[in-house]
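The values are calculated or read from the model by the stated rules, or taken from the named source; none is laboratory data. All values reported here derive from a predicted model rather than from experimental measurement. Side chains are part of the model used for accessible areas, which takes the heavy atoms of the whole protein and leaves out ligands, DNA and RNA. Shrake-Rupley method; radii C 1.70, N 1.55, O 1.52, S 1.80 Å.
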Amino acid sequence: MNRSQQFPPLSVIVIPSLLLSALGLGGLALVITQTLPTLLPRWLFFFLSTLGLTGIALPMVYFLNWRFSSQAPPSTGTLVREALWAGILFDLFAWLQLERVLTLTLGMILLLGVFILEFSLRLIERAQWRPHDTPHES
């Protein structure tokens with residue numbers, strides 16, 4: 001089977017990416033310009049920035065996985081999870097920056113931790129047995 005036949009089609013990624021980006025960044029613009037930084041708008045900031053950055057990162061994650069994927073291409077859920085890491089990392093960095101705790105070293109350690117976690121999850125996914133992977137006996 002061809003690699004492009006196994007890889008999820010781009011149309012599956014584009015519409016959720018546009019929806020997440022529009023909802024997240026549009027809501028983020030409203031929260032930043034129309035509210036005071038109290039508790040609810042602060043939580044909305046983190047939630048909407050996660051949505052917006054996940055939507056922005058989704059096509060980039062798709063392209064990187066398409067360009068550099070191995071024999072087993074990732075599922076659509078894996079692509080969304082990898083894009084979600086971008087939003088979560090941004091929120092974590094923003095949270096730490098609010099308290100003036102974020103440093104370059106801490107940021108690199110957190111980024112390395114996310115890469116190790118995602119690498120481990122991909123290893124677990126590849127190691128799972130799937131019944132349709134076994135060869136048919138004649």
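Using the 1.4 Å probe convention, the accessible area of the chain works out to 70 Å² per residue with neighbouring protein chains retained.
If you sort the three axes of the alpha carbon gyration tensor as a ≥ b ≥ c, you get a/c of 1.5 or more for the range 30-109 and a/b no higher than b/c, which makes it oblate. Taking only protein heavy atoms and a 1.4 Å probe, the accessible area of the chain is 73% carbon and sulfur. Rounded to the nearest 10 degrees, the angle from helix 104-127 to the longest Cα principal axis of the chain is 30 degrees. The orientation-averaged projected area of the convex hull spanned by the Cα atoms of the chain comes to 10.7 nm².
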